[in-house]
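Report on the following structure.
The values are calculated or read from the model by the stated rules, or taken from the named source; none is laboratory data. Just so it is clear, the structure is predicted and the values come from calculations on it, not from any experiment. Cβ coordinates were reconstructed from backbone atoms using ideal geometry, including for glycine residues, and neighbour counts include every protein chain displayed.
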Amino acid sequence: MPTLHPYPSPFTPHPSPSMLSRVADSIYWINRYVERAENVSRFVEVNLHLLLDTPVGTMQQWEPLVVTTGDQDIFKERYGEPTAENVLKFLTFDAEYPSSIRSCVKSARENARSVREIISSEMWEQLNEFYLMVEAAAQSNEIAELYAFYPEVKIASHLFAGVMEATMSHNEGWHFGRLGRFLERADKTARILDVKYFILLPTVVAVGSPLDNLQWIALLRSASAYEMYRKCQRTINPSGVVDFLVLHPEFPRSIRCCILQAEQSLNKITGSPVGSWRLSSERSLGKLRSQLEYITLEEIFQTGLHEFLDGLQDDLNHVGSAITENFFGLAVSA
Amino acid sequence: MFNSYDPGDFYDELFVSRGVPRPEAELLIKRISDISIDELMLRQQMAQNMLFKLGVTFNVYSDNQGTERIFPFDVVPRVVPSNEWQWLERGLKQRIKALNCFLDDIYNDQTIIKDGIISRQVIESAPGFLKPCLGLKPPKGIWCHITGTDLVRDRNGNWYVLEDNLRCPSGVSYVLENRRVMKGAFPALFDALKINPVDAYPSELLASLLHLAPEGIPDPQVVLLSPGIYNSAYFEHSFLAQQMGIELVEGRDLVVNDGYLQMKTTKGLQRVDVIYRRIDDDFLDPLTFRPDSMLGVPGLMDVYRQGRVAIANAPGTGIADDKMIYSYVPAMVRYYLDEEQIIPNVPTYLCENSQQQGYVLDHLDQLVVKATNASGGYGMLVGPHASEPERDAFADQIRANPRGYIAQPTLCLSRVPALINSEFQGCHVDLRPFILNGEDIYVNPGGLTRVALKKGSLVVNSSQGGGSKDTWVVAAAN
């Protein structure tokens, strides 16, 4: 397919004020990083809670957390054994690992600093405080204090989203931010579901056992989904949880819901009517949205949940690169 | 509470002598005295916290951690009576006029050289003299649009110009933020004191930038060009862009295309008409100046020469910051304006002149030696405070590169009380007013008072442990 240039000619004047590509890029990434930090907290929390419920004598499982990040090679090289302490350090405070909570918040703040005249002062101040809070926590060595730290990260992330909603004009930049947040969230909900895939049950018979059940509950909780799930499903079983976290049209962390919201913002940015596309990013996101609208649970399990989630993550990466190409990396032939 | 404050053997900006405030500061001193020391310390801390929370910070170059610090803020304002201010204002306007004539002259007809006022060698040996700028005719004939001139007072209260900053002077954001913080922390102090407001600065700046836009453009696009978040003055760049409502851009956002300067937006390229640049001359255009510059825009100078974009300050103005050129300003005022200089220069010894160099080397323990092309308090020796080996090392540097150094007598800078550890201590200050050269010349009333908070220190630069104060131009008491 030939790549379409975003606009017929880059030199025609545009009536609506446009924004710098770099600025749009920064707002998009501020939101992705904040959302990423929040979700790393969620991963870790789900595991901490699972451990509390694990019967005595069962092996503690921390490796799945590293596997779901996709960065197990970096981890092995730097830390070796996936002990609780190593994994927590790696995911939480490692300043050299770009997806640790600390690095994410730092990157979000750096990006915010470069666009602070565009975003609202409240957004900047909230992010600055978030950063100072994480940096202060990073100085402490008490693992026990981490139990309180992860919820704080989640709250700070919610605060940021709320402050942005309430203090920044809902303009093009705001939509870029929202686009980033929902794409990131969709990706991370997929990974949270995938954690379960990597957690080993003692025996095959244990599928459907009370232990299995507990793990699904912990997983729902980590996505703040347990209560909402209960309101629409009576029993907790794999297909119910997958249905809820992948296909629910209204739960704000379900993948389908995230994709819907992301698409709305993309449409606002481009001005294309819903259901049509001019840019490659619009096409790949629209395609993904309709796939999620029409796929059935049976089809997902036929493909295999892990394989389905893998494919979904690939599609999301594809959307991400299309956005970068369409908006941030303007190619100019000088 | 000021009873124990001793102005000492210095010119104190607030006190005539112990317990006797200057008339213009009388009300201020009375009001401050009504607040307890603990309360003052508390509010000072509040003000600092506010600055930190707002991220009003600067980066320290030597510290590669990229650590951000706030510019320490002292709550006792510095007061300038309005009659004195009017005199300063006249002097500053005169100086800017003369410097602008000078810049236009040396990059074009060079009559000042032909008439033997300054030798060609002095001009051409200045690192700030940029050959590619020869023949340039900047829009409206303005070269230095924004200037920050450093003023000091000696032991007798006489004003001097210490330095000119025409490249890209910084500090004005602190003037505006300090005033805001003062109003928040001490609203009662402002009551009935007729303090000249400073808030007009961003509007005046925007007006003078719009003044430069090429003719016939209905809604000119003005941008502020910054080196990015790691620059020590980044907060100011972002602040000014926000206050003026203009786009803050970095070199990578800009490109020369189709003969115009354009910025990359999410909807394609868009023309830029005026640049307020906050990067040095050398970095503006790698095709014309430093080829390794990543901060500028390749081809920018060509577009500028065509008159298709305006740049403030004009490239080439850096020569006026040269401390050897500085010593010729009185001559420029006479030559171009046929006037005598209003605010005098500090007497300056040129190390290039062998007689003067001899004097400098013999009196290093009494003089301040400065590198002619440095700023920010870098490359400087304060003779009386330096050690023997430090002075010897400097002497060697001077002999090796005499054009690179000038020397001045160590001025005993005036002082203002500052609140340090629950008591008032006299601290040395300077003053950097900001001058805009647009349709008219505008001087923002007041300026940045920088204060040396290290005891006895004469170096006020933020990079060297200095702080700042709010500066009040007030109507003199009847």
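Criterion applied to A:327, A:301, A:244 was being within 14 Å of another protein chain (Cβ to nearest Cβ) and outside any loop (DSSP other than H, G, I, E, B), and the one residue passing it is A:327.
It is to be established whether one or more residues within the range B:321-332 are within 30 Å of residue B:393 (Cα to Cα) and among the basic types (Lys, Arg). Yes; the residues of the range B:321-332 include at least one that is within 30 Å of residue B:393 (Cα to Cα) and among the basic types (Lys, Arg). Only residues that are more than 10 Å from every other protein chain (Cβ to nearest Cβ), aliphatic (A, V, I, L, M) and either part of a strand (DSSP E or B) or touching a Gly at 6+ places or on another chain (Cβ under 9 Å) (or both) were counted in the range B:252-280, giving 4. Against the test of being among the polar types (S, T, N, Q), under 17 Å from the mean Cα position of the chain (by Cα) and within 14 Å of another protein chain (Cβ to nearest Cβ), the options A:107, A:169 yield a single qualifying residue, A:107.
Has the range B:32-39 got at least one residue that is part of a helix (DSSP H, G or I) and of a type in the set (Ser, Thr, Tyr)?
Yes, the range B:32-39 contains at least one residue that is part of a helix (DSSP H, G or I) and of a type in the set (Ser, Thr, Tyr).
The single residue among B:441, B:398 that is surrounded by fewer than 24 Cβ atoms within 10 Å (Cβ to Cβ) and modelled with pLDDT of 95 or more turns out to be B:441.
Would you point out which residue out of A:269, A:259, A:255 is of a type in the set (A, V, I, L, M), in contact (Cβ under 8 Å) with a residue 60 or more places away in the chain and out of contact with any Phe, Trp or Tyr (no Cβ under 9 Å at 6 or more places or on another chain)?
A:255
Here residue A:268 passes the criteria (1) surrounded by 15 or more Cβ atoms within 10 Å (Cβ to Cβ); (2) more than 14 Å from chain B (Cβ to nearest Cβ); (3) within 23 Å of residue B:267 (Cα to Cα) except the one numbered (2). Note on the range B:219-230: residues that are within 11 Å of chain A (Cβ to nearest Cβ) and either closer than 22 Å to residue B:203 by Cα or not β-branched (Val, Ile, Thr) (or both) total 7. Within the range B:232-251, the set of residues being out of contact with any strand residue (DSSP E or B) (no Cβ under 7 Å at 6 or more places or on another chain) and either at the interface with chain A (Cβ under 7 Å from one of its Cβ atoms) or assigned to a loop (DSSP other than H, G, I, E, B) (or both) comprises B:242, B:245, B:250.
How about the range B:402-429: which of its residues are modelled with pLDDT under 90, among the charged types (D, E, K, R) and over 18 Å from residue B:35 (Cα atoms)? If the condition is that a residue be modelled with pLDDT under 90, among the charged types (D, E, K, R) and over 18 Å from residue B:35 (Cα atoms), then B:403 is the only one that fits.
Does at least one position in the range B:327-334 carry a residue that is part of a strand (DSSP E or B) and without any contact (Cβ under 8 Å) to a residue 40 or more places away in the chain? No. In the set (1) polar (S, T, N, Q); (2) modelled with pLDDT under 95; (3) under 18 Å from the mean Cα position of the chain (by Cα), the condition left unmet by residue A:261 is number (2).
Using the structure shown, decide if residue A:3 is part of a loop (DSSP other than H, G, I, E, B), at pLDDT below 70, away from chain B (no Cβ under 14 Å) and touching a helix residue (DSSP H, G or I) at 6+ places or on another chain (Cβ under 7 Å). In short, yes. State yes or no: is residue B:104 over 21 Å from residue B:436 (Cα atoms), more than 19 Å from the chain's Cα centre (by Cα) and modelled with pLDDT of 95 or more? No, not satisfied.
Out of all the residues in the range B:150-158, is one or more more than 14 Å from chain A (Cβ to nearest Cβ), modelled with pLDDT of 90 or more and in contact with a helix residue (DSSP H, G or I) (Cβ under 8 Å, 6 or more places away or on another chain)? The answer is yes; a qualifying residue exists. Residues in the range A:112-134 that are more than 9 Å from chain B (Cβ to nearest Cβ) and within 22 Å of the chain's Cα centre (by Cα): A:112, A:119, A:123, A:126, A:127, A:130, A:131, A:133, A:134. Just one residue in the set A:234, A:221 is farther than 26 Å from residue A:99 by Cβ, more than 15 Å from the chain's Cα centre (by Cα) and not β-branched (Val, Ile, Thr); that residue is A:234.
Against the list (1) surrounded by 15 or more Cβ atoms within 10 Å (Cβ to Cβ); (2) outside any helix (DSSP H, G or I); (3) among the acidic types (Asp, Glu), the condition residue B:104 fails is (2). Within the range B:156-204, the set of residues being among the polar types (S, T, N, Q) and assigned to a strand (DSSP E or B) comprises just one member, B:165.
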